[in-house]
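Before any comments, here is the structure.
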Amino acid sequence: MKADKLVWFAVAISCLLSCPNMNAQTKLPKARIADKSSDIETHTSFPVTDAYGQLLATIPYPANWKINAHASPHQPFITGPGKLTVKNLPMQMFTCSWSPLLQLGRPLPSINQLIKNDLLPGWMKKGYTLMGYKEVPQVAKADLEYIQYLYQGLPWNKQAAAYAIDIRKSNEPTLRYSVILHIGAVTNTGFQQWFYYVQWLECEKQEFESARKQLLFSLANTRFTKNTRPIYNQPAIQSTGQYRQWYNEQESYRQHRNDMNEIIMDSWRERNASSDRMHRRTIEAIRGDTRQKRYRDTYY
């Protein structure tokens, strides 16, 4: 299964702060993530390979799930019993800078704002209703495990969060829907890059809870290999090195610009002071001439 076919593995090459308000208040029923016991169906470790052909990770999917390794975004890459389909939707990335040199972008919002502004409008247009959401830290932990090995050229602060969002569609009472929202962010002084992507699960009502539990189990128990991490980390180190060089160049330019501005201001102040002195001398000379003339008029 190629990594570029699984959107959530784009974390490996894409994620570039503090992650505000990641705590969710939920109306969802508890979706317990089972451990490896009889509570979970028999699963098969599915290999995920990268563009170099090396093993990137293994994911324990249920044996009766069919994996379409070549599925494009919005197409099912998992199908299974009970009309189960799981789709990976495209990743959305954002950059934010608080540097005096470059202030732009969108900072990472709270989970409530993210759902309200980015996800809910599109769902409502299609007739879906938000029922609630809950945090799934086990999935976030697995995501963070891989993110931690990226962007080691600078002391980035790396964070990840994951949520299971429950939605309904009134004209499809036999189907249930769950959106697994992945959020990641890395930050350095004055700079932040964050992303989110979703996995869309839909299934018949009677199979829904089991299917969601199985998917969360698979995501939480993804196992990454160590041998491919340097492949992705090296471009990241090179990228951060380029960013460091650019930042230093901008700092040098800013300092040079400030020095030049200071020279110009000093010259302007000196010209103003010189003009003031000349003006004062002229006024004093005029007053002196007037007093002298009046003195002469008085005694002649």
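Values quoted throughout were computed directly from the atomic coordinates according to the rules given, and no laboratory measurement underlies them. Note that the structure is predicted; figures quoted are calculated from it, not measured. Cβ: placed from backbone, ideal geometry, glycine included. Neighbour counts: every protein chain shown.
Laid out as a table, the results:
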quantity	calculated
Dipole axis of the stretch 128-219 (+1 Lys, Arg; -1 Asp, Glu on Cβ), positive-most option in 190, 211, 132	190
Normalised contact order of the stretch 104-165, rounded percent, pairs of Cα under 8 Å and 6 or more residues apart	38 percent
Additional length obtainable on full extension of the chain from residue 210 to residue 157, 0.36 nm per residue less Cα span	15.5 nm
Karplus (6.51, -1.76, 1.60) ³J(HN,Hα), θ = phi - 60°, over the stretch 213-219, in Hz, Gly and Pro reported as x	4, 5, 5, 5, 4, 4, 5
Karplus-derived 3J(HN,Hα), 6.51/-1.76/1.60, for each residue of the stretch 55-71, Hz, glycine and proline x	5, 9, 6, 10, 10, x, 8, x, 5, 8, 8, 9, 9, 9, 5, 9, 5
Gyration tensor (alpha-carbon) shape descriptor, the stretch 108-179, a/c threshold 1.5	prolate
Pairs from 83/169; 83/116; 158/226; 83/141; 141/169; 126/213 whose Cα-Cα separation, in the structure shown, is over 21 Å	83/116; 83/141; 141/169; 126/213
Amide H contacts under 5 Å for residue 136, placed H, 5+ residues apart	162, 163, 164
